[in-house]
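S.K.: Structure incoming, see below.
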Amino acid sequence: SPPPSCGKEPPTIDLANTPEADIVEQISKACSEFGFFQIVNHSVPTSLIDEYLEQCKLYFSLPLNVKRQWKRHAENSRGWFNDELTKQRLDWKEALDMGVPGTRDWSIDDSDPSNRCLDGWNQLPSSDVLPDFRPIITRYFDECAKLADQIAIFMAKGLGQSEDCRMIQELRDHHSSYLRSNYY
């Protein structure tokens, strides 16, 4: 028989107007019965989301030859690209992948060897190309990481764990989160 989620809308979970115990239960149920969910009324400020989207527009409107200097490659899976395939056909998008730096410190230059991770290093425009890009993108990334931590705590509680359990500590200390910005 089809899974219980078949033909239904994804669950929407309101973080601002729902008691914590209910959030834990809703997330646990969504994970076990649906596989994913949508979060609304979260902690990422709308103004920051707007700033992030504006910076993405500016980034993707740069000339192709400028963006190519940040192209991801075999030694670095972070950066700009426009050559992704889906079902062996070229996608109609450009994208930028970035992740938490190896040092976990955004103030250290991306090209510093200490910021290299297993999957590479961030390749972001300098402040002379897009002055507000890096500060806004990294602030947005950090806010999303805080939200992800909050969601992970709810998930852990749904599994009968506490918010300071080893699993949460491991996620905090060793996460390899990515932020992908797509432009179609």
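The values are calculated or read from the model by the stated rules, or taken from the named source; none is laboratory data. None of these values were measured; they are calculated from a predicted model. Reconstructed Cβ throughout: ideal geometry from the backbone, glycine too, with neighbour counts over all protein chains shown. The protein model used for the area step is the full one, side chains on, heavy atoms only, and it has no ligands, DNA or RNA in it. Shrake-Rupley method; radii C 1.70, N 1.55, O 1.52, S 1.80 Å.
S.K.: From the residues in the stretch 6-16 that are farther than 10 Å from PHE37 by Cβ and within 25 Å of the chain's Cα centre (by Cα), which one is modelled with the lowest pLDDT? Walk me through it before giving the result.
M.R.: Within the stretch 6-16, the first condition is being farther than 10 Å from PHE37 by Cβ, and the residues that meet it are 6-9, 14-16.
Narrowing the set further to residues that are within 25 Å of the chain's Cα centre (by Cα) leaves 9, 14-16.
Numbers: GLU9: 87, ASP14: 97, LEU15: 97, ALA16: 95.
That would be GLU9.
S.K.: Same structure, new question: Residues to consider are ILE153, ILE168; find the one that is modelled with pLDDT under 95, farther than 30 Å from GLU54 by Cβ and not acidic (Asp, Glu).
M.R.: Criteria check complete, one pass: ILE168.
S.K.: Now for a different question. Could you list, ordered by first residue, the pairs with Cβ atoms under 8 Å in which the first is in the stretch 74-97 and without any contact (Cβ under 8 Å) to a residue 12 or more places away in the chain and the second is part of a strand (DSSP E or B), at least 6 apart or interchain?
M.R.: ASP83/LEU90; GLU84/LEU90; GLU84/ALA95; ASP91/LEU85
S.K.: Checking LYS29 against (1) in contact with a Lys or Arg (Cβ under 8 Å, 6 or more places away or on another chain); (2) within 30 Å of MET155 (Cβ to Cβ): exactly one of these is not met. Which one?
M.R.: With respect to (1) in contact with a Lys or Arg (Cβ under 8 Å, 6 or more places away or on another chain); (2) within 30 Å of MET155 (Cβ to Cβ), LYS29 is out only on (1).
S.K.: May I ask you to list the residues in the stretch 109-130 that are part of a loop (DSSP other than H, G, I, E, B), open to solvent by 30 Å² or more (accessible area, probe 1.4 Å) and hydrophobic (A, V, I, L, M, F, W, C)?
M.R.: LEU118, TRP121, VAL129
S.K.: Follow-up question, since we're still on this one. Looking only at the stretch 114-133, count every residue that is within 16 Å of the chain's Cα centre (by Cα) and at pLDDT below 95 and tell me the total.
M.R.: Summing the residues that are within 16 Å of the chain's Cα centre (by Cα) and at pLDDT below 95 in the stretch 114-133 gives 1.
S.K.: Still on this structure: Considering (1) open to solvent by less than 40 Å² (accessible area, probe 1.4 Å); (2) of a type in the set (A, V, I, L, M, F, W, C); (3) under 28 Å from THR12 (Cα atoms); (4) touching a residue at least 60 places away in the same chain (Cβ under 8 Å), say which one PHE133 fails and leave the rest.
M.R.: Here PHE133 clears every test but (3).
S.K.: With the requirement that a residue be surrounded by fewer than 15 Cβ atoms within 10 Å (Cβ to Cβ), at pLDDT 95 or above and either over 17 Å from PRO10 (Cα atoms) or of a type in the set (A, V, I, L, M, F, W, C) (or both), what does the stretch 29-42 give you? Let's see the steps before the verdict.
M.R.: Quick first cut of the stretch 29-42, residues surrounded by fewer than 15 Cβ atoms within 10 Å (Cβ to Cβ) only: 32-33, 35-36, 38, 40-41.
Then keep just the ones that are at pLDDT 95 or above; that gives 38, 40-41.
Hit for the stretch 29-42 is VAL40, nothing else.
S.K.: On the given criteria, is VAL24 open to solvent by less than 50 Å² (accessible area, probe 1.4 Å), part of a loop (DSSP other than H, G, I, E, B) and at pLDDT 95 or above? Can you show your working first?
M.R.: Working: open to solvent by less than 50 Å² (accessible area, probe 1.4 Å): yes; part of a loop (DSSP other than H, G, I, E, B): no; at pLDDT 95 or above: yes.
It is false that VAL24 is open to solvent by less than 50 Å² (accessible area, probe 1.4 Å), part of a loop (DSSP other than H, G, I, E, B) and at pLDDT 95 or above.
S.K.: So, in the stretch 96-108, of the ones that are touching a helix residue (DSSP H, G or I) at 6+ places or on another chain (Cβ under 9 Å) and not in a loop (DSSP other than H, G, I, E, B), which residue ends up surrounded by the fewest Cβ atoms within 10 Å (Cβ to Cβ)?
M.R.: Step by step, filter the stretch 96-108, then rank; the result is GLY99.
S.K.: If you don't mind, another one. Restricting to the stretch 52-86, what's the tally of residues that are out of contact with any Pro (no Cβ under 9 Å at 6 or more places or on another chain), charged (D, E, K, R) and either open to solvent by less than 50 Å² (accessible area, probe 1.4 Å) or outside any loop (DSSP other than H, G, I, E, B) (or both)?
M.R.: Qualifying residue count for the region: 6.
S.K.: Still on this structure, I have one more. Are any of the residues in the stretch 137-152 part of a loop (DSSP other than H, G, I, E, B), small (Gly, Ala, Ser), without any contact (Cβ under 8 Å) to a residue 60 or more places away in the chain and surrounded by fewer than 18 Cβ atoms within 10 Å (Cβ to Cβ)?
M.R.: Taking every residue of the stretch 137-152 in turn, none turns out to be part of a loop (DSSP other than H, G, I, E, B), small (Gly, Ala, Ser), without any contact (Cβ under 8 Å) to a residue 60 or more places away in the chain and surrounded by fewer than 18 Cβ atoms within 10 Å (Cβ to Cβ).
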